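The values are calculated or read from the model by the stated rules, or taken from the named source; none is laboratory data. Please read all numbers here as calculations on a predicted model, not as lab measurements. Cβ coordinates were reconstructed from backbone atoms using ideal geometry, including for glycine residues, and neighbour counts include every protein chain displayed.
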Amino acid sequence: MIHEIQAKVMLSHIRQPDPWFGLKYNMNLYRGCQHQCIYCDSRSECYGIENFQDVLVKVNAIDLLRQELPRKRVKGTIGFGSMSDTYGPVERHYNLTGRALEVIAEYGFPVHIITKSDLILKDVDTLRAINRVQAVVSFTITTADDDLARKIEPGAPVPSRRLKALATLAEYGIQTGITLMPVLPMIEDSEQNIAQIVRLAHEHGASYILPAFGMTLRDRQRTYYYDQLDQLFPGLRAQYEQRFRERYSCAATQADRLRARCDELCAQYGISKQISHWEAERYQQKPLF
């Protein structure tokens with residue numbers, strides 16, 4: 001269900017520059033997500049979203065943004081998509097992301113967007129305007145197989161559509177790439193899958209790939225994920241329980257080997273392993289797994 005709510009604050013400040021995405025501020029226009037990826041960490045209790053199938057729409061978001069942006073003494077990259085895909089189907093009706101980007105373009109802030117949707121193309125003109133400062137778009141792709149993606153990311157556009165959108169943005173000169181995370185153990189952690197993603201990234205004009213070879217599992221997130229494994233991959237839950245028990249960080253099978261293969265292919269295709277940040281580039285990413 002969709003519920004309209006009033007937010008109190010729009011932009012949250014990140015105390016230290018984020019080494020992966022270079023964020024200074026973060027913003028969530030929606031809470032809950034219609035893409036319903038079976039592995040989503042945002043189901044965890046710490047985020048306080050009682051029913052992740054409900055989408056909460058911050059209908060006063062644009063007014064708040066107009067109030068808050070002029071007060072920011074330090075200009076920095078604004079992140080979209082940390083807890084809810086900012087281009088879920090609900091965006092077609094409310095257009096909060098599109099309108100927020102227009103405000104950001106007015107004030108000259110850079111942005112970084114993480115999404116699984118080609119709906120982002122509706123805002124290509126605004127992104128091109130923001131790119132006079134910097135616009136970066138990361139498409140999350142964890143499998144090159146559209147059929148598998150329909151199982152594990154049932155509400156999201158399939159990877160082939162995301163790659164076409166990536167290619168379009170790259171043609172317009174927008175820095176775009178792939179967040180290859182999570183890599184689900186015993187489902188996506190094959191060399192064939194990783195190699196295929198890197199090859200497709202190259203063919204569609206990605207300038208970078210940010211990989212993390214594993215996943216997170218905690219409290220409600222784990223419960224939901226295991227229920228989905230029972231339905232979609234019978235017998236796999238027992239292997240997870242035996243291997244990971246109550247761990248939060250769950251590494252992919254032979255994660256070091258997959259990382260080495262990814263590094264090799266990225267070097268071959270000239271794909272960076274980091275984003276060219278708008279802010280100081282001295283911050284280096286470290287493997288999560």
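A few remarks follow.
- Scope region 56-102; condition outside any helix (DSSP H, G or I) and hydroxyl-bearing (Ser, Thr, Tyr); matching residues: 77, 82, 84, 86, 87
- Note on region 120-138: among residues that are part of a strand (DSSP E or B) and touching a residue at least 60 places away in the same chain (Cβ under 8 Å), the one that is surrounded by the most Cβ atoms within 10 Å (Cβ to Cβ) is 136.
- Selection from region 15-54 of residues that are in contact with a Ser or Thr (Cβ under 7 Å, 6 or more places away or on another chain) and acidic (Asp, Glu): 41
- Selection of region 139-168 for residues being among the aliphatic types (A, V, I, L, M) and farther than 20 Å from residue 53 by Cα yields 141, 144, 148, 163, 165, 166, 167.
- Total residues in region 7-31, condition at pLDDT below 90 and either more than 19 Å from residue 182 (Cβ to Cβ) or in a strand (DSSP E or B) (or both): 5
- Failed item in (1) surrounded by fewer than 22 Cβ atoms within 10 Å (Cβ to Cβ); (2) modelled with pLDDT of 95 or more, with residue 248 passing the rest: (2)
- A single entry from 246, 264, 188 fulfils the requirement of being in contact with a Ser or Thr (Cβ under 6 Å, 6 or more places away or on another chain) and more than 25 Å from residue 135 (Cα to Cα): 188.
- Matching residues, region 22-80, being of a type in the set (A, V, I, L, M, F, W, C) and over 24 Å from residue 220 (Cα atoms): 23, 59, 61, 62, 64, 65, 69, 74, 78
- Contacts under 8 angstrom Cβ, first residue in region 16-43 being over 29 Å from residue 147 (Cα atoms) and touching a residue at least 12 places away in the same chain (Cβ under 8 Å), partner among the charged types (D, E, K, R) and in a loop (DSSP other than H, G, I, E, B), 6 or more apart: 17/279; 19/286; 22/279; 24/75; 24/279; 25/72
- Here residue 158 meets the list (1) buried (at least 22 other Cβ atoms within 10 Å of the Cβ); (2) β-branched (Val, Ile, Thr); (3) under 29 Å from residue 45 (Cα atoms) almost entirely, failing just condition (1).
- Hey, residue 263 outside any loop (DSSP other than H, G, I, E, B) and either more than 21 Å from residue 144 (Cβ to Cβ) or of a type in the set (Phe, Trp, Tyr) (or both) or not: no
- You will find that of 191, 171, 153, the residue that is among the charged types (D, E, K, R) and touching a Cys at 6+ places or on another chain (Cβ under 7 Å) is 153 and no other.
- Checked across region 12-23, the condition of being hydroxyl-bearing (Ser, Thr, Tyr) and farther than 26 Å from residue 228 by Cβ holds for at least one residue.
- Of residues in region 99-109 being crowded, with 19+ Cβ neighbours inside 10 Å and under 21 Å from the mean Cα position of the chain (by Cα), the one farthest from residue 135 (Cα to Cα): 100
- Being farther than 21 Å from residue 113 by Cα and at pLDDT below 95 is a property that does not hold for residue 4.
- Residues considered: 36, 53. Of these, the only one that is part of a loop (DSSP other than H, G, I, E, B), in contact with a Phe, Trp or Tyr (Cβ under 9 Å, 6 or more places away or on another chain) and surrounded by fewer than 22 Cβ atoms within 10 Å (Cβ to Cβ) is 36.
- The helices (runs of 4 or more DSSP H) found wholly in region 146-227 and carrying at least 3 residues that are within 17 Å of residue 87 (Cβ to Cβ) occupy 159-171.
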